Amino acid sequence: MNFLLETKRLSIRPIDLNDADFILNLVNSDGWLKFIGNRNISSLEDAQNYIQKIIGDPKVIYHVFQLKSTQEALGIISFLQRKSEAYPDLGFAMLPKFHKNGYAFEACNKYLDALKEINAIHKVIAFCNPKNISSIKLLQNLGMKHQGDIQKGDHYSSYFSITLNSNP
């Protein structure tokens, strides 16, 4: 499910090792650290190793969304199949300087549309820190429904889902 997608303003492509500088900045941004957690990535080499792990794991897919006009990377969409979950998990993160422009919604909406088109995924879930109001609003705007709040270990999350097609 490595897509090459476009919207009016964005291109969406699989992550690659050339994204190390972008990933280094993203995973050390305030929002990532506050709502996702520290990945202990402090150098370009760490970022390249992180990307290589993602690329090497078929259950983890990351796409970078970037401005079509400048090719500047804005954020990521992650699509994970966790062992503990029946359905794949959609995630997203974006550099703070691009917040509040609708880019994350535009990218995630296009990604979900592409998943609907291939008709291979019945349902998609998402987990979100209950204090991350912006992400919760984005999930709701994508049509995801709040299914409740859950606790796994030390992590407390709001759980959302969306049905993409009627074939389970």
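Any read-out appearing in this document is the output of simple, stated calculations on the displayed coordinates, not a laboratory observation. Computed from a prediction, not measured in an experiment: that's the story for all the values here. All Cβ positions, glycine included, derive from the backbone under ideal geometry; neighbour counts span all protein chains shown.
With R₀ set to 35 Å, the beta-carbon distance separating Ser84 from Ser29 gives a calculated FRET efficiency near 0.80. Taking 0.36 nm per residue of sequence separation and removing the Cα-Cα distance, the Asn40/Asn129 pair yields an extension gain of 30.1 nm.
For the pair Gln52 and Asp149, label points projected 7 Å from Cα toward Cβ lie 4.1 nm apart. Charges were assigned to the Cβ only: +1 to each Lys and Arg, -1 to each Asp and Glu. The resulting dipole of the stretch 5-163 about its Cα centre is roughly 480 debye.
Largest first, the three principal axis extents of the alpha carbons in the stretch 1-83 are 34, 28, 24 Å in whole numbers. Restricting attention to the stretch 5-163, close to 95% of DSSP beta bridges with both partner residues there are antiparallel.
Over all distinct Cα-Cα pairs of the stretch 89-168, the Kirkwood formula returns a hydrodynamic radius of 13.4 Å. Going down the list Lys68/Lys152; Lys34/Lys59; Lys68/Lys116, which pairs span over 31 Å between their C-alpha atoms? Over 31 Å Cα-Cα: Lys68/Lys152. Translational diffusion coefficient, Stokes-Einstein: compute it for the stretch 5-163 using the Kirkwood radius over C-alpha pairs as Rh, at 10 °C and 1.306 mPa s, and state it as an integer in µm² s⁻¹. This corresponds to a translational diffusion coefficient of 99 µm²/s.
Ordering Ala86, Ala20, Tyr159 by the projection of their Cα atoms onto the charge dipole of the chain, which places +1 on the Cβ of Lys and Arg and -1 on the Cβ of Asp and Glu, puts Tyr159 at the extreme positive end.
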